[in-house]
């Protein structure tokens with residue numbers, strides 16, 4: 001039975017190992033060979049402390065649960081979720097806590113195919129507070145130059161949507177480095193890695209960028 005991480009097991013994990021653990025977990029998920037865990041046992045294991053090895057910033061999309069698609073248990077990852085997987089001050093603060101104070105070794109910015117928030121940004125959607133949210137993704141829309149035909153730069157063109165989703169991941173990583181000196185310094189000193197990935201909602205596979 002898989003036990004939850006301890007301070008010792010977390011300390012022994014490098015950033016490269018952390019990324020490989022996530023890749024291995026996704027391979028198990030896709031192959032339907034998930035590890036045998038007693039989640040309630042892990043609740044007990046983590047009752048006196050938590051020692052996750054990864055922080056994953058993903059979309060709120062109900063199909064993209066980081067714990068499930070990376071085959072991880074209780075106490076393994078910090079999961080930060082917001083429509084469109086972008087960063088703001090609060091999310092950066094959460095990630096600084098996760099890495100600097102709680103010891104995670106990697107930040108994964110995880111986008112996904114057919115993202116509704118990205119579609120909203122492509123279509124210039126307006127609805128209550130959602131208007132401000134999708135505006136955070138619009139720079140990625142502008143940064144994807146093809147196609148130039150305006151009639152094909154919307155949510156009906158799924159290839160364009162997915163290209164924007166990839167660009168949004170890349171720009172989010174750049175924003176983390178620019179807006180968080182704490183995380184940038186940790187990355188510069190090889191204490192953490194900040195990487196991007198895309199989840200395919202059709203296959204369950206995560207492709208690291």
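Mind counting the residues in the stretch 139-161 that are touching a helix residue (DSSP H, G or I) at 6+ places or on another chain (Cβ under 8 Å) and either assigned to a helix (DSSP H, G or I) or on the phi > 0 side of the Ramachandran plot (or both)? Of the residues in the stretch 139-161, 7 are touching a helix residue (DSSP H, G or I) at 6+ places or on another chain (Cβ under 8 Å) and either assigned to a helix (DSSP H, G or I) or on the phi > 0 side of the Ramachandran plot (or both). Taking the condition in contact with a helix residue (DSSP H, G or I) (Cβ under 7 Å, 6 or more places away or on another chain) and either surrounded by 12 or more Cβ atoms within 10 Å (Cβ to Cβ) or modelled with pLDDT under 95 (or both), does residue 11 pass? Spelling it out, it is not the case that residue 11 is in contact with a helix residue (DSSP H, G or I) (Cβ under 7 Å, 6 or more places away or on another chain) and either surrounded by 12 or more Cβ atoms within 10 Å (Cβ to Cβ) or modelled with pLDDT under 95 (or both). Taking the criterion of being part of a helix (DSSP H, G or I), crowded, with 18+ Cβ neighbours inside 10 Å and touching a helix residue (DSSP H, G or I) at 6+ places or on another chain (Cβ under 8 Å), the residues of the stretch 163-186 that qualify are 164, 165, 167, 168, 171, 176, 183, 186.
Considering 103, 73, the condition of being touching a residue at least 60 places away in the same chain (Cβ under 8 Å), touching a helix residue (DSSP H, G or I) at 6+ places or on another chain (Cβ under 6 Å) and at positive phi is satisfied by 103 alone.
Given the structure, is residue 68 within 14 Å of the chain's Cα centre (by Cα) and over 25 Å from residue 187 (Cα atoms)? Write out each step before concluding.
Values: within 14 Å of the chain's Cα centre (by Cα): yes; over 25 Å from residue 187 (Cα atoms): yes.
When the stated conditions are applied, residue 68 passes them.
Listed by position, the helices (runs of 4 or more DSSP H) enclosed by the stretch 23-134 that each have at least 1 residues that are modelled with pLDDT of 95 or more, in contact with a strand residue (DSSP E or B) (Cβ under 6 Å, 6 or more places away or on another chain) and surrounded by 13 or more Cβ atoms within 10 Å (Cβ to Cβ) are 66-69, 89-96.
Checking 137, 158, 201 one by one, the residue that is in contact (Cβ under 8 Å) with a residue 24 or more places away in the chain, surrounded by fewer than 19 Cβ atoms within 10 Å (Cβ to Cβ) and out of contact with any strand residue (DSSP E or B) (no Cβ under 7 Å at 6 or more places or on another chain) is 158 and no other. Scanning the stretch 31-58 for residues that are closer than 14 Å to residue 206 by Cα and under 18 Å from the mean Cα position of the chain (by Cα) gives 56, 57, 58. Mind checking which residues of the stretch 190-202 are within 17 Å of residue 59 (Cβ to Cβ) and outside any strand (DSSP E or B)? Answer for the stretch 190-202, where residues must be within 17 Å of residue 59 (Cβ to Cβ) and outside any strand (DSSP E or B): 200, 201, 202. Test each condition in (1) farther than 16 Å from residue 119 by Cβ; (2) more than 21 Å from the chain's Cα centre (by Cα); (3) surrounded by 13 or more Cβ atoms within 10 Å (Cβ to Cβ) for residue 149 and report the one that comes out false. Unmet for residue 149, out of (1) farther than 16 Å from residue 119 by Cβ; (2) more than 21 Å from the chain's Cα centre (by Cα); (3) surrounded by 13 or more Cβ atoms within 10 Å (Cβ to Cβ): (3).
The values are calculated or read from the model by the stated rules, or taken from the named source; none is laboratory data. Not measured: the values here are computed from a predicted model. Neighbour counts are summed over all protein chains in view; Cβ atoms, including those assigned to glycine, are modelled from backbone coordinates with ideal geometry.
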